[in-house]
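Report on the following structure.
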Amino acid sequence: MALRKELLKSIWYAFTALDVEKSGKVSKSQLKVLSHNLYTVLHIPHDPVALEEHFRDDDDGPVSSQGYMPYLNKYILDKDAFRLWCLFNFLSEDKYPLIMVPDEVEYLLKKVLSSMSLEVSLGELEELLAQEAQVAQTTGGLSVWQFLELFNSGRCLRGVGRDTLSMAIHEVYQELIQDVLKQGYLWKRGHLRRNWTERWFQLQPSCLCYFGSEECKEKRGIIPLDAHCCVEVLPDRDGKRCMFCVKTATRTYEMSASDTRQRQEWTAAIQMAIRLQAEGKKSLHKDLKQKRREQREQRERRRAAKEEELLRLQQLQEEKERKLQELELLQEAQRQAERLLQEEEERRRSQHRELQQALEGQLREAEQARAFMQAEMELKEEEAARQRQRIRELEEMQQRLQEALQLEVKARRDEESVRLAQTRLLEEEEEKLKQLMQLKEEQERYIERAQQEKEELQQEMAQQSRSLQQAQQQLEEVRQNRQRADEDVEAAQRKLRQASTNVKHWNVQMNRLMHPIEPGDKRPVTSSSFTGFQPPLLARRDSSLKRLTRWGSQGNRTPSPNSNEQQKSLNGGDEAPVLASTPQEDKLDPAPEN
């Protein structure tokens, strides 16, 4: 707006210059000439019908400034050419004649194309700017007329309509010239009524204005921004989502965006405006323009330094060649001097005899001249030595430069080899990872088989433990049975010994009884005459003998290893007494029965 006012002042000066009578009015024909000149200068298509239509109520008389200025604002200053002219003045260099460097043209084209939501590549921009490169080489950039011709020619439209391009230029004009950081619709909560109303917000570095509609004709309020303000994100409530607030020193303004992305863009833009106020900057794009200009100057200084270094090296090379030529000239002069000296010496020798006295003075002069020439030759040789030293230094510098170049090439090769090695390592790691995964799967299968085998071994061990317990129980029972058998054997042995003793005794008695009593024989006194020998005792012993005989017959019918061992143990390893007693016992069986 400030630039527009400055332009209006300039046009006002032209208007006042046409007002010769100082009445504040200028004739319509003069205004037509002024308008036509403005159209021509600003490259705006001339529309005389609009001028006639605007001033149709006063065709015959003069036209005042109150009637011409609205026409000027509507049909001239609101056109795209004026906005492009303002953008050119803003981005042009601060030197006369005004030009816009290719970097700024590229920046502006990117801004306009991004406003139209179009993607542009670096190759397309270079192709677009290459058409103006030949013209820009002479002046270092584009003039305002070349800049306007670039947009009016339609080469940057890429199939986009004029209306879309005009809206994009207007948006970029607001952003760069009017310092509009962001604009759009937001829901704002009232301070007194606490209701939500949709407003059109326009953010500038110093304030946040809101209007009733996007035409920005009816301003509903302004939120001043300073370094003490802040913006915060609020949680969703009261049916509103994507809420945030702007806190100033006197009031808190609550707002709601359409989505999360819009809220993030608005909060970032407001924080940027607050940061600009804290840093004391009034315009973001002026600061960015200054930074871009400083970067260009740094690039230009680096380029100039590089060119100066190349020029210095070239001068050193030329100086080296010149010194070599001088050295060759000195060597040639030395050879000529030596040749002349030789000729002079020969001439002096031929004329020495005739002109000895006359030539003595000349000889002295020649000797002085020779000494002078030798001194001069020594000086020349010293100068040549210095020049050779300088040449060696230059050669060493060239060698160091070549070594540095080789080191850089080697570093690049090493970097490439390291990158290839990293790639190979990554491939090997992937292969090892696959092998580890396979080993892990095999280990899991092996663990499952081992678990199954472990369970089977546990079941088998449990079964074996049960079998062992049963065997131990059977062994215990066998031990108990053996103990009882041992006790029975001991009892049988005792009975057998008793029976054997009884059998022997009864054998003696029976032998005695078997002899008949003859007349005249005397019965010897025996133990049978004692009261202890009674028939009932014989019956008792006979019954025990029968039981022993029956037990022996049963043992003969069912022989077993245990019974044989027991019989051997009972007989003391000898079975003869028992067998011998058996017939006698059979013979004695009927006796008790009778």
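The values are calculated or read from the model by the stated rules, or taken from the named source; none is laboratory data. From a predicted model like this one, the values you see are computed outputs, not experimental measurements. Cβ placement follows ideal geometry from the backbone for every residue including glycine, while neighbour counts extend to all protein chains displayed. Keep in mind that these areas ignore ligands, DNA and RNA; they rest on the heavy atoms of the full protein, side chains included. Shrake-Rupley method; radii C 1.70, N 1.55, O 1.52, S 1.80 Å.
What is the calculated FRET efficiency for Ala305 to Phe372, with r their C-beta to C-beta distance and R₀ = 51 Å, to the nearest 0.05? The partial results should precede the final answer.
Working: r = 48 Å, r/R0 = 0.94.
Once the sixth-power term is evaluated, E becomes 0.60.
A straight line joining the Cα centroids of segment 218-254 and segment 389-421 runs 61 Å.
Exactly which GluC sites (Glu not before Pro) in segment 349-392 are in a DSSP loop and have at most 11 other Cβ atoms within 10 Å? Those that pass, being in a loop and sparsely packed, are Glu354. At q = 0.09, 0.11, 0.22 Å⁻¹ the log10 of I(q)/I(0) for segment 217-349 amounts to -0.59, -0.71, -1.25, computed by Debye summation with a single uniform scatterer per C-alpha, solvent ignored. Above 22 angstrom, tally the Cα pairs of segment 343-489 and express them as a % of all pairs, no decimals. It works out to 80 percent of all Cα pairs.
Taking 56 Å as R0, compute the FRET efficiency from the Cβ-Cβ separation of His228 and Arg390 and round it to 0.05. Intermediate values should be presented prior to the final figure.
Details: r = 67 Å, r/R0 = 1.20.
For His228 and Arg390, the calculated efficiency is 0.25.
Among the protein heavy atoms, those of Met461 account for about 130 Å² of accessible surface (1.4 Å probe, every chain in place). In a fully extended conformation the segment linking Arg237 and Arg194 would gain 14.1 nm over its present Cα-Cα distance, using 0.36 nm per residue. Determine the alpha carbon to alpha carbon distance for each of Lys111/Lys286; Lys320/Lys380; Lys188/Lys282; Lys323/Lys380; Lys188/Lys217 and list only those over 20 Å. Result: Lys188/Lys282 exceed 20 Å.
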